[in-house]
Amino acid sequence: MKKRILSIVVLALGLTAQAEQRPNILFIFLDDFGWRDTGYMGSDFYETPHIDRLAKGGMVFTDAYSCAANCAPARACLLSGQYTPRHEIFNVGTTPRGSAKHRRLEHIAGTKTLRPEIVTWAESLQQSGYRTGMFGKWHLGTSPTEQGFDVEVDHTKLPGFRGHFGPNRQYLADVLTDRTIEFIAGSQDKPWCAYLSHFAVHTPIQAKREIEAKYEAKRPGKLHQHPTMAAMIQSVDEGVGKIVAKLEQLGQRDNTVIFFFSDNGGYGPATDMAPLWGYKGNYYEGGIRVPFFVNWPSVVKPGQSTAEPVIGVDIYPTFLDLAKAKRPGQPMDGRSLLPFIKGEAKRVGPRPLFWHFPAYLQAYKVIGEQRDPLFRTRPCSAVRLGDWKLHEYFEDGALELYNLKEDISERKNLAKANPAKARELHKLLVDWRQKINAPVPSNSNPDFDAQAEAEAIRDALGKQARKTSKR
């Protein structure tokens, strides 16, 4: 009788342990990595065989978005699960960007630190029994260990590194890969979450010479042609391959879910997101639509591709559901993707996705796909609902309406041709801003000089025309 009771207890404990088994989480998060900067998304020059293999073995999201067009606000949204008006990190730093003579409004400064009272997903996972590690770029003030990470390798604190190279020609992407592998190998007694937040492929554009030479000898593609960028991407891809090999060696591959994401669109002077218009720093699709896939052997069916719109704030609730962790007592703006990626739900939406940027980002020296030649972005908000997307620009009150299904390049503004749809989305955007208490810049900038702005625009366009005529 005692043996029978004991066997029942052992069986119950075994079932409980099995039921409580939670996956490891590997979150590969790249910097300024464009929507088409991988082979699986159609690059005709960059080579990413390891990343491509993971993407094809899982679920690819073709309509995935960052919450912001540049890094600090995008990362704050990602870690907090909240849109920018809640955490108030609107830009990189809080000082005005671009010439004061060209800014019509006083920007909303916001903050540059993710407030300690905001509970990050790392803290939630940590409290749920996960071992957590951050490797690479943080960019949110304070420090990762103060906001939920047991292990911190902040790339700005690595001794001797300038840009992507360190002592003895160490390459940063390699170092971060190796430190991530060390963390994984040392996390055998509990589930873990590794946040590999690469500094690549952010400027300075620097790569290993031996890899760069390979692409200098390679025939340029019509979409991509930059040898140094290609070499940087290859180094990241090789690191991904090393990590996957280590997971297989440790017997952890099947129980590790891999997320691959980017903080914003690609760096305009070195890459291209065509047919998307725009790049890092503006709120056209090229600035905010990013590569994203989920790979989880035996759970997420391979070979899937979906156009379901998703956004950075969805990562937090997804991680919570994976870890069976409690939700913190704070607003959360995203939806868990877990039922969708497991095939238990047919859709994530329908729902609107929002962006809010009450500041300025000056233009690159090379003028390209932006609304005007002086700024990549002036103060604006945007919303996507279904196939429709609306931009609102606060300086002049302009509305731009696009049907992304028919015009993915956002070149045909339908605001006047379809005023009913423009009003519908604009009301949705205004109501959201009021609900979330989003600050809208309205004070005139006393330093603005209309004549100086007009002259600067004319000069910039003239330089661009002369460059174009020489080609």
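Determine if the stretch 85-101 includes at least one residue that is in contact with a strand residue (DSSP E or B) (Cβ under 9 Å, 6 or more places away or on another chain), surrounded by 24 or more Cβ atoms within 10 Å (Cβ to Cβ) and outside the structural domain of Ala363 (by TED's automatic domain parsing).
So far as the stretch 85-101 goes, yes, one or more of its residues are in contact with a strand residue (DSSP E or B) (Cβ under 9 Å, 6 or more places away or on another chain), surrounded by 24 or more Cβ atoms within 10 Å (Cβ to Cβ) and outside the structural domain of Ala363 (by TED's automatic domain parsing).
Collect the residues in the stretch 427-446 that are touching a helix residue (DSSP H, G or I) at 6+ places or on another chain (Cβ under 8 Å) and closer than 13 Å to Leu390 by Cβ, keeping them in residue-number order.
Residue satisfying the conditions is Arg433 alone.
Out of (1) closer than 24 Å to Pro439 by Cβ; (2) crowded, with 24+ Cβ neighbours inside 10 Å; (3) in the same structural domain as Asp44 (by TED's automatic domain parsing), what's the single condition that is false for Pro331?
Pro331 satisfies every listed condition except (2).
If you check Pro339, Pro297, which single one turns out to be at pLDDT 95 or above and part of a loop (DSSP other than H, G, I, E, B)?
Testing whether each residue is at pLDDT 95 or above and part of a loop (DSSP other than H, G, I, E, B) leaves just Pro297.
Considering every residue within the stretch 169-179, establish whether at least one is assigned to a loop (DSSP other than H, G, I, E, B) and either among the acidic types (Asp, Glu) or within 22 Å of the chain's Cα centre (by Cα) (or both).
no
Would you be able to tell me the number of residues in the stretch 410-444 that are under 20 Å from Asn282 (Cβ atoms), β-branched (Val, Ile, Thr) and surrounded by fewer than 16 Cβ atoms within 10 Å (Cβ to Cβ)?
Matching residues across the stretch 410-444 total 0.
Please pick out the residue among Lys137, Lys56 that is buried (at least 17 other Cβ atoms within 10 Å of the Cβ) and not polar (S, T, N, Q).
The conditions single out Lys137.
Just one of Ala245, Ala194, Ala230 is in a helix (DSSP H, G or I), surrounded by 19 or more Cβ atoms within 10 Å (Cβ to Cβ) and hydrophobic (A, V, I, L, M, F, W, C); which is it?
The match here is Ala230.
Given the structure, is Asp407 farther than 30 Å from Ala109 by Cβ and either at pLDDT 95 or above or surrounded by fewer than 11 Cβ atoms within 10 Å (Cβ to Cβ) (or both)?
yes
For residues that are assigned to a loop (DSSP other than H, G, I, E, B) and touching a Leu at 6+ places or on another chain (Cβ under 9 Å), tally how many sit in the stretch 113-136.
Final tally of qualifying residues: 5.
Among the residues of the stretch 31-67, how many are more than 16 Å from the chain's Cα centre (by Cα) and acidic (Asp, Glu)?
Summing the residues that are more than 16 Å from the chain's Cα centre (by Cα) and acidic (Asp, Glu) in the stretch 31-67 gives 3.
Return the only residue of Thr203, Thr156, Thr142 being surrounded by fewer than 17 Cβ atoms within 10 Å (Cβ to Cβ), at pLDDT below 95 and in the same structural domain as Phe45 (by TED's automatic domain parsing).
Thr142
Please pick out the residue among Arg36, Arg53, Arg104 that is basic (Lys, Arg) and either closer than 19 Å to Gly239 by Cβ or modelled with pLDDT under 95 (or both).
Only one candidate qualifies: Arg53.
Got at least one residue in the stretch 167-189 being farther than 26 Å from Gly81 by Cα, without any contact (Cβ under 8 Å) to a residue 60 or more places away in the chain and in contact with a helix residue (DSSP H, G or I) (Cβ under 7 Å, 6 or more places away or on another chain)?
Yes, there is a match, as at least one residue in the stretch 167-189 is farther than 26 Å from Gly81 by Cα, without any contact (Cβ under 8 Å) to a residue 60 or more places away in the chain and in contact with a helix residue (DSSP H, G or I) (Cβ under 7 Å, 6 or more places away or on another chain).
Take the residues in the stretch 70-101 that are among the small types (Gly, Ala, Ser) and in a loop (DSSP other than H, G, I, E, B), then tell me which one is farthest from Arg115 (Cα to Cα).
If we take residues in the stretch 70-101 being among the small types (Gly, Ala, Ser) and in a loop (DSSP other than H, G, I, E, B), then Ser99 is farthest from Arg115 (Cα to Cα).
With respect to Gly141, determine if the residue is part of a loop (DSSP other than H, G, I, E, B), within 22 Å of the chain's Cα centre (by Cα), over 23 Å from Pro331 (Cα atoms) and of a type outside the set (Ser, Thr, Tyr).
No: the conditions fail for Gly141.
The values are calculated or read from the model by the stated rules, or taken from the named source; none is laboratory data. Everything numeric in this text was worked out from a predicted model, so none of it was measured. Note that each Cβ is placed from the backbone with ideal geometry, even for glycine, and that neighbours are counted across all protein chains shown.
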